[in-house]
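Here's the structure we're looking at; comments come further down.
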Amino acid sequence: MIFLVALVLTACALTSRVDCATEGIVWCYHLPTCNDTKWATIAPKYCGGSRQSPININTAAAKPDVKLTEFTFTDFSSTTALKTLENTGKTVKVTLGPGVQISGGGLSNTYDTLQLHLHWGNGSSVPGSEHTVDGKRYPMELHIVNVKSSYNGNTTLAVGDSNGLAALGFFIEEMSGNDEPAIWKKLTAYLLNISNKGQTVTLPSGISLDDLLTGVNRTKYYRYLGSLTTPACNEAVVWTVFKEPIKVSKDLINLFSRTVHVNNSSSPLMTNVFRQIQPDQPVTTQAESSASTTCYSLGLMVLSLALWKNL
C-alpha cells in the first residue's frame, strides 16, 4: 500500500504550493486513513477552524463591494517566468521566477507570485474543482499563489498573517471539440516527464500566465477570506475566484488523471485531488456599475413609453 504523504516544514509553505503541511503531518487525498475527512483530526489547529476553504459560492448571497476594482498583473506577460513543472505527489505545480506580482483588486498590499498548481477529479467524468458556484463543481481548478511582498518570500511569516497570502482561483471547463488551446497543449505535453512523484522538468521559454488565462475576463470575480485547502489549513488566504472559466478540451482534462501518479508507476494515478466544501464564508463581488444601472433604467423607460403609445 502506497501512502500519499507530506512531511514538509511550514517554511516551505507557498514556495512549493498553496497546500503545504507542517512538519510531521501525514495527509493524503486517496486513502480513508488520511484523506480530508480526517484532516481536522490530523491537523486540528486550523483544519477544524471557522475560516476554511474551499467553499460553495452562493451567487445570490454575494454582497457588492465597490473596493473590488481591477487587478494590476505585473509581468504576467513574461514568457520566461515559468521555470519548472513538478509532480509533488499531490498536484502538478509550476514554480515561477521573481518579478511577477499582483496588486489592486481590493488587496491592501502588493503580492509576489510564487507558483501555480491544479486540482482535478477523475477525467471529464468526475469534476474536481475545489470551489463550487451555486453547487456546480467544474472539471478542474487552477490556483495561482501569491505572498505579501513585504515578507520578501518568508512564507513562515505569511501563513501566520490573516491576509499574508492571496490565491487566485480559475475554474477550468470543457470546451466543445478537441482543439485544446495551443499553449495548454504545450504545457501539458511535459506531464509525461513527471509521471512519478518528485520528478521535475525545466520549462522552456514561450509560456506566460497571460497565455494560460486567455479568454478570461479578470475584472469579474468573487472575494472571501479563507484558508489553505490542505493541512495545515492555515487561515491566512485572501481568496479571489474568477467568474469566467478557462476553456480547454476534454482530452486535456483527461490527461491529468491518466498520466501522473501519487508515487511511482506502480502506485495509483493521481485522481480526486480536491478538498470537500467547507462551511460558508461571507462573499463579496463587484458592485453593479452606474453605467449599467443607467442603461437598465433608460431601457425600462423606453419600454414603458412604447407600451404607453400602444395603449
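Check whether at least one residue in the stretch 249-264 is at pLDDT 95 or above, within 27 Å of residue 158 (Cβ to Cβ), of a type outside the set (Val, Ile, Thr) and in contact with a Gly (Cβ under 8 Å, 6 or more places away or on another chain), and report yes or no. No, that holds for no residue.
Selection of first residues in the stretch 206-222 that are on the phi > 0 side of the Ramachandran plot and surrounded by fewer than 13 Cβ atoms within 10 Å (Cβ to Cβ) and of second residues that are modelled with pLDDT of 95 or more and among the hydroxyl-bearing types (Ser, Thr, Tyr), restricted to Cβ pairs under 9 Å at least 6 apart or on distinct chains, gives the following pairs, ordered by first then second residue: 206/79; 206/80.
Can you find, within the stretch 1-46, the residue that is modelled with the lowest pLDDT among those that are among the polar types (S, T, N, Q) and over 18 Å from residue 200 (Cα atoms)? Among those that are among the polar types (S, T, N, Q) and over 18 Å from residue 200 (Cα atoms), it is 10.
Taken over the stretch 227-268, the criterion of being in contact with a Lys or Arg (Cβ under 8 Å, 6 or more places away or on another chain) and surrounded by fewer than 17 Cβ atoms within 10 Å (Cβ to Cβ) is satisfied by 244, 264. For residue 31, the test of being under 21 Å from residue 166 (Cα atoms), aliphatic (A, V, I, L, M), more than 16 Å from the chain's Cα centre (by Cα) and part of a loop (DSSP other than H, G, I, E, B) is failed.
Going residue by residue through the stretch 87-95, is there one that turns out to be over 15 Å from the mean Cα position of the chain (by Cα), at pLDDT below 95, among the polar types (S, T, N, Q) and within 29 Å of residue 28 (Cα to Cα)?
Step one: list which residues in the stretch 87-95 are over 15 Å from the mean Cα position of the chain (by Cα), which gives 87-89.
If we keep only those that are at pLDDT below 95 too, we end up with none.
Checked against the condition, which is being over 15 Å from the mean Cα position of the chain (by Cα), at pLDDT below 95, among the polar types (S, T, N, Q) and within 29 Å of residue 28 (Cα to Cα), the stretch 87-95 yields no hits at all.
Is there a residue in the stretch 185-196 that is out of contact with any His (no Cβ under 9 Å at 6 or more places or on another chain), in a loop (DSSP other than H, G, I, E, B) and in contact (Cβ under 8 Å) with a residue 40 or more places away in the chain? The answer is no; no qualifying residue exists.
Taking the options 206, 169, 215, name whichever one is of a type outside the set (A, V, I, L, M), farther than 27 Å from residue 24 by Cβ and at pLDDT below 95. Lay out the reasoning, then the answer.
Details: 206 fails: at pLDDT below 95; 169 fails: at pLDDT below 95.
Answer to the selection: 215.
The values are calculated or read from the model by the stated rules, or taken from the named source; none is laboratory data. Everything numeric here is computed off the predicted structure, so don't read it as measured data. A quick note on method: Cβ atoms are made from the backbone with ideal geometry, for glycine too, and the neighbour counts reach across all protein chains shown.
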